[in-house]
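J.: One structure, as structure tokens, below. Some questions next.
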Amino acid sequence: MKWDTYARISEDPNDEQRGVRRQNQDTRAHVDSLGGNVAKAHIENDSSAYRKKRVTVTDASGNQYDGFRVIRPVWHEALQRLRTDQADGLVVYDLDRLARDPRDLEDAIEVVEHYGKAIVSATASEINLSTETGRMAARLMVVMANKSSADTARRVRRAALANAQDGKPVGKRAFGWTDDHLSLDPAEAALVREAVAKLLDGTTTATAIAREWNEAGVRTARGNDWRNVTVRQYLRHPRLAGYRVTHSDRRNELVRDADGAPVIGQWPPLLDVDTWERLQGVLTSRDTRGRVPKKSKRFYLLAGIIRCGICNSPMYGNYSKGRGRHFYKCLEYGRHGGVTGYIRHTQSIQGPTTDRAVTATVLAWLAQQQDAVVEQRPATWDGEDDLQRARDKIAELMAAFNSDELPGSVVFPQVREWEARATDLDNQRKAWRATSAPAPAIKGALEEWPERVEAGDVTWQRAVIASVLDAVVIKQRTIVGTNEYEYDRLAYLWR
């Protein structure tokens with residue numbers, strides 16, 4: 001007989017594979033004792049047979065819905081080889097290596113019962129899936145194994161919650177801190193604070209930060225290159241302000257104590273709370289990634305900043321080989337009103353002259369504003385008292401519940417209402433911060449501009465232009481049949 005073998009270990013984060021190697025040796029020895037040959041050894045290391053993931057399921061009627069399944073691709077490959085006669089049987093180390101989820105066991109029983117294949121254990125050969133008694137015993141054992149996994153998962157979750165509520169750091173080192181998680185790395189912390197200051201000033205982007213750090217040999221805590229997305233994810237993490245978080249549905253959620261207050265971690269914060277919150281307003285209010293949508297690989301100064309005066313769509317850069325220069329074009333060109341709601345139109349403008357005109361206008365504006373620009377702290381949000389009252393109410397209700405003054409049936413409905421109120425107010429506060437952030441610190445932009453232009457730093461130039469201009473609207477041409485440039489087509493929308 002041609003036998004496949006299967007070995008699995010649930011937890012092996014360092015991929016040492018010592019457990020699966022031992023299982024593989026024992027399953028191969030069992031194949032030898034049966035007088036068979038090993039056709040393929042299936043190794044599924046660091047893979048849980050209990051933990052489920054959200055997947056899209058299609059039923060027999062073609063209906064789709066979100067389901068939760070144990071994802072074990074190697075295991076399903078082993079079963080498929082049995083179904084397709086690539087192997088006559090499968091030897092597993094033990095039944096709990098085969099399945100800890102009843103659904104997986106039923107798949108194995110189906111292969112034995114309806115495809116006539118053998119699945120045996122190297123350590124518990126009395127489990128025979130080909131008989132009713134053996135299948136009953138296997139089902140009981142899997143139910144017990146599933147219960148054991150559930151108990152372990154509950155204990156692990158409870159321990160993790162206790163650590164979170166104590167503010168203990170977990171996981172690998174984060175950029176900006178040392179390996180002990182409890183002290184700042186001076187060099188990395190200085191880089192982060194400098195980058196945050198520039199983002200708040202509007203004089204850099206996440207892409208520019210990633211490029212500068214990579215060119216300087218600065219890598220992530222995992223030793224990887226920085227990208228705009230990793231910079232943004234890093235700067236959005238509440239850990240920077242000292243908050244302890246837990247992961248829920250792929251999001252970082254603040255851990256709260258029994259009174260509903262955010263838990264402060266045991267590590268020193270890299271940013272103060274106010275700076276971090278202002279940074280979130282900047283990251284959510286405008287595109288700080290430096291990504292410029294374009295039709296080609298060329299990078300154009302005003303792509304996405306200038307807009308079509310007909311349909312208000314962003315205009316993007318394209319290069320004309322025949323004319324030897326780029327131009328900006330509305331992507332609504334050639335589309336019919338039935339699709340987009342806009343009339344069919346052609347809207348383009350030559351690029352170099354537009355770049356020079358907008359640059360000259362921005363520099364003139366900077367020269368006028370240079371002495372007048374003073375960075376000021378934003379005024380207090382008028383909903384601050386309401387937000388604090390909502391948080392105080394949550395804390396009072398939880399305190400009443402913990403002291404047995406009020407039952408949960410009374411407390412928790414009210415807590416949910418106040419939590420919804422607090423969430424709504426918090427969102428309003430973030431939106432207010434995004435629109436009332438201090439004016440960009442552009443005082444040195446005029447002096448720095450020539451050097452940046454000579455260095456070809458288009459990202460920095462775009463950041464300065466975008467910090468003072470919301471958009472440049474390109475009106476329709478009024479002079480037809482000539483290539484004369486119409487400066488009156490440019491309408492400036494200042495921030």
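The values are calculated or read from the model by the stated rules, or taken from the named source; none is laboratory data. Computed from a predicted model, the values in this text were never measured in an experiment. Reconstructed Cβ throughout: ideal geometry from the backbone, glycine too, with neighbour counts over all protein chains shown.
J.: Can you name the number of the only condition in (1) assigned to a helix (DSSP H, G or I); (2) modelled with pLDDT of 80 or more that Arg477 fails?
T.: Failing condition for Arg477: (1).
J.: Which of the residues that make up region 94-108 are basic (Lys, Arg) and surrounded by fewer than 17 Cβ atoms within 10 Å (Cβ to Cβ)?
T.: Answer for region 94-108, where residues must be basic (Lys, Arg) and surrounded by fewer than 17 Cβ atoms within 10 Å (Cβ to Cβ): just Arg103.
J.: I've got another one for you. Would you mind stating whether Asp15 is surrounded by fewer than 14 Cβ atoms within 10 Å (Cβ to Cβ), more than 22 Å from Val111 (Cα to Cα) and at pLDDT below 90?
T.: When the stated conditions are applied, Asp15 passes them.
J.: Still on this structure, please answer the following. Just give me the residues in region 17-50 being of a type in the set (Gly, Ala, Ser) and under 42 Å from the mean Cα position of the chain (by Cα), in sequence order.
T.: Gly19, Ala39, Ala41, Ser47, Ser48, Ala49
J.: Shifting gears a bit: Using the structure shown, decide if Ser33 is polar (S, T, N, Q) and crowded, with 16+ Cβ neighbours inside 10 Å.
T.: Judged against the criteria, Ser33 is not a match.
J.: Of all residues in region 73-117, count the ones that are modelled with pLDDT of 90 or more and not in a helix (DSSP H, G or I).
T.: 11
J.: Which of the residues belonging to region 215-245 are farther than 18 Å from Leu279 by Cβ and out of contact with any Lys or Arg (no Cβ under 9 Å at 6 or more places or on another chain)?
T.: Glu215, Ala216, Gly217, Val218, Arg219, Thr220, Gly223, Asn224, Arg227
J.: Return a yes/no flag: does region 352-359 have any residue that is assigned by TED's automatic domain parsing to the domain that holds Thr478, modelled with pLDDT under 75 and not charged (D, E, K, R).
T.: no
J.: What do you reckon, is Glu419 in contact with a helix residue (DSSP H, G or I) (Cβ under 8 Å, 6 or more places away or on another chain), modelled with pLDDT under 85 and closer than 30 Å to Arg495 by Cβ?
T.: The answer is no for Glu419.
J.: Would you please list the contacts, defined by Cβ atoms under 7 Å and residues six or more apart or on different chains, that run from a residue in region 157-184 that is within 26 Å of Ala210 (Cα to Cα) to a residue that is among the hydroxyl-bearing types (Ser, Thr, Tyr)?
T.: The qualifying pairs are Phe175/Thr220; Phe175/Tyr234; Trp177/Ser183.
J.: Take region 129-150 and flag every residue that is surrounded by fewer than 18 Cβ atoms within 10 Å (Cβ to Cβ) and farther than 18 Å from Arg51 by Cα.
T.: Ser130, Thr131, Glu132, Thr133, Gly134, Met136, Ala137, Arg139, Leu140
Residues checked against (1) assigned by TED's automatic domain parsing to the domain that holds Thr178; (2) under 21 Å from Lys172 (Cα atoms); (3) modelled with pLDDT of 90 or more:
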{"position": "Ala189", "(1), (2), (3)": "yes, yes, yes"}
{"position": "Val192", "(1), (2), (3)": "yes, yes, yes"}
{"position": "Ala195", "(1), (2), (3)": "yes, no, yes"}
{"position": "Gly202", "(1), (2), (3)": "yes, no, no"}
{"position": "Thr205", "(1), (2), (3)": "yes, no, no"}
{"position": "Ala208", "(1), (2), (3)": "yes, no, no"}
{"position": "Gly217", "(1), (2), (3)": "yes, yes, yes"}
{"position": "Arg222", "(1), (2), (3)": "yes, yes, no"}
{"position": "Asp225", "(1), (2), (3)": "yes, yes, yes"}
